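What follows is a set of notes on a single structure, which appears directly below.
Values quoted throughout were computed directly from the atomic coordinates according to the rules given, and no laboratory measurement underlies them. As the structure is a computational prediction, the values presented were derived from the model and not from experiment. Cβ placement follows ideal geometry from the backbone for every residue including glycine, while neighbour counts extend to all protein chains displayed.
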Amino acid sequence: MGRRRYSRARGGCAANCAGGLRLRRALPRRYGRRMMDSPQPQITFTSCRQCGAEVAGLDGRYACGVCGWVNRYDEGHRTLPSAEDDPDYPGPGA
C-alpha cells in the first residue's frame with residue numbers, strides 16, 4: 001500500500017475539515033505560483049432576468065437554477081482565462 005495521506009489533526013472537526021482529517025499532500029507544481037498570483041474570483045449576486053429569483057455567480061457570470069437562464073459569457077466583470085491558463089490543460093493537439 002502507499003503512504004498515508006491523511007492524519008488526525010489536533011483540535012478536532014471544528015478546527016479542521018470533516019472528521020478532523022487534514023490532507024498532508026501538497027498540490028501539484030502546476031498549481032503553484034501562477035495560480036496564487038492570478039486574481040481570485042468574487043461571488044456576486046443579482047436577480048434572474050427571466051423569473052426574478054436571486055442568483056449567485058462568480059465575477060458576474062450567472063446561471064439560474066429555477067428557470068435555467070444563463071447570462072452571456074462576455075457579460076462578466078473580467079475576461080475569461082484562456083485554455084492554456086487552465087492547470088488541467090493537456091496541451092495542443094490533445
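Annotations
- Sequence-distant residues sharing a close amide H with Thr44 (under 5 Å, placed H): Gly57, Leu58, Asp59, Gly60
- Of the chymotrypsin sites (Phe, Trp or Tyr not before Pro) found in the range 43-94, those in coil by DSSP whose Cβ has at most 15 other Cβ atoms within 10 Å are Trp69.
- Scalar couplings 3J(HN,Hα) for the range 71-77, obtained by applying the Karplus form with A = 6.51, B = -1.76, C = 1.60 to θ = phi - 60°, are 7, 5, 4, 8, 8, x, 6 Hz; x denotes Gly and Pro.
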